[in-house]
Amino acid sequence: MEGAVKSDRVLQIVHGDPRYPLPLFEWLGAEAPAAITALGDPALLERRKLGMFCSVRCPGSVIVGSYDLAQRLRQGDLAVMGGFHSPMEREWLAVLLRGPEPVILCPARRITVSRLPLEYRDPLAEGRLLMLSCFGEGERRATADLAMARNRFVAALADVLFVAHAEPGGKTEAFCLDLLGRGKRLYTLDDRSNENLLAMGARPAGEIC
C-alpha cells in the first residue's frame, strides 16, 4: 500500500525534512543532530510524549510505585519514550510493550534491523513502537557518554518527564536539576527516597494521568 510504514527499514530524517522534530534545535542548539534515524512510524513523534528515566539503583518502594504508574499509563494517550536501559526502565518497557499505547525507544547507539528482540517485532509491525536514534553508523556500542547524550535527546523531545528515582549526588540528579532549571516539567513518585527531586521542584507523579 502506498504510504504504508515499513517496520523493517531504517529511515534517515535530516534537518529540513518535515518529520525532523524542531524541539531538538530549541533545546540542544548547536549540539542538535543534523540527522536522526528511525525504525517504525515517525508519526509517533507527533503524539504527546512522556520521557522516562531512572537511576540504576532503585528502592523497592519506588519499583512498586513505578510499576503501578506504568500500568495506568497503558490506558492513557501518552507516548512513553526513553532509553529503557536501567533495570527499572526495562521493567517499564516490558509492561508498555504489552499494552496498546505507543512507545518510542531511543538506544544509546545506532539502530539496526539485525538481531531485533522478538518482543519488538509485533509492536513495530503494528505501528506502536518507534525506535529512534541520534547516532550514526560509527556508534555501534552504548557507552556512558553516549547514554548521557541520548538522555538529553529524549529530554529535548519529551513534552513532560518522569524520573522514577535519582540517587542523591548522582548523574541523574544533576541531569534533573539542569532540566528543571531550564523549565522542563518533571514528575517523580511522592516517596521518601525522592525527597531530593521533590525539593528541587519535581511534581508528584499522580498528576501525570
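Test residue 121 against the stated conditions and say whether it is more than 18 Å from the chain's Cα centre (by Cα) and among the basic types (Lys, Arg). In short, yes.
Being closer than 22 Å to residue 187 by Cβ and part of a loop (DSSP other than H, G, I, E, B), is that true of even one residue in segment 35-45? No, segment 35-45 contains no residue that is closer than 22 Å to residue 187 by Cβ and part of a loop (DSSP other than H, G, I, E, B).
Annotation for segment 59-79: no member residue is in contact (Cβ under 8 Å) with a residue 60 or more places away in the chain and in contact with a Pro (Cβ under 7 Å, 6 or more places away or on another chain).
Consider segment 78-87 and keep the residues that are surrounded by 17 or more Cβ atoms within 10 Å (Cβ to Cβ) and modelled with pLDDT of 90 or more. The one that is farthest from residue 151 (Cα to Cα) is 79. Within segment 133-158, the set of residues being in a helix (DSSP H, G or I), within 28 Å of residue 100 (Cα to Cα) and out of contact with any Gly (no Cβ under 8 Å at 6 or more places or on another chain) comprises 152, 153, 156. Select from segment 183-209 the residues that are part of a helix (DSSP H, G or I) and of a type in the set (A, V, I, L, M, F, W, C) and write down the one among them that is surrounded by the fewest Cβ atoms within 10 Å (Cβ to Cβ). Here the residue is 199. The residues of segment 51-67 that are modelled with pLDDT of 90 or more, closer than 20 Å to residue 154 by Cα and crowded, with 19+ Cβ neighbours inside 10 Å, listed by number, are 51, 52, 53, 54, 55.
Do the conditions hold for residue 197, that is, is it within 23 Å of residue 106 (Cα to Cα), at pLDDT 95 or above and of a type outside the set (Gly, Ala, Ser)? In short, no.
For residue 121, the criteria (1) in contact with a helix residue (DSSP H, G or I) (Cβ under 8 Å, 6 or more places away or on another chain); (2) farther than 28 Å from residue 203 by Cα hold in every case but one, which is (1).
Here's the yes/no breakdown for (1) touching an Asp or Glu at 6+ places or on another chain (Cβ under 7 Å); (2) farther than 20 Å from residue 121 by Cβ; (3) modelled with pLDDT of 90 or more; (4) not basic (Lys, Arg):
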{"residue": "69", "(1), (2), (3), (4)": "no, yes, no, yes"}
{"residue": "76", "(1), (2), (3), (4)": "yes, yes, no, yes"}
{"residue": "89", "(1), (2), (3), (4)": "no, yes, yes, yes"}
{"residue": "98", "(1), (2), (3), (4)": "no, no, no, no"}
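Among the residues of segment 159-177, those that are acidic (Asp, Glu) and under 18 Å from the mean Cα position of the chain (by Cα) comprise 159, 173. Taken over segment 93-120, the criterion of being part of a helix (DSSP H, G or I), surrounded by fewer than 14 Cβ atoms within 10 Å (Cβ to Cβ) and without any contact (Cβ under 8 Å) to a residue 24 or more places away in the chain is satisfied by 118 alone. You will find that of 161, 130, the residue that is touching an Asp or Glu at 6+ places or on another chain (Cβ under 7 Å) and assigned to a strand (DSSP E or B) is 130 and no other.
Say whether the condition of being touching a residue at least 40 places away in the same chain (Cβ under 8 Å) and either basic (Lys, Arg) or in a helix (DSSP H, G or I) (or both) is met by at least one residue in segment 80-88. Yes, some residue in segment 80-88 is touching a residue at least 40 places away in the same chain (Cβ under 8 Å) and either basic (Lys, Arg) or in a helix (DSSP H, G or I) (or both). Exactly one residue out of 125, 149, 174, 144 is among the hydrophobic types (A, V, I, L, M, F, W, C), surrounded by fewer than 21 Cβ atoms within 10 Å (Cβ to Cβ) and more than 24 Å from residue 24 (Cα to Cα), and it is 125.
The values are calculated or read from the model by the stated rules, or taken from the named source; none is laboratory data. The model shown is predicted, which means the values in this text are computed figures rather than measured ones. When we count neighbours, we look across all protein chains shown, and the Cβ atoms used for this are built from the backbone with ideal geometry, even at glycine.
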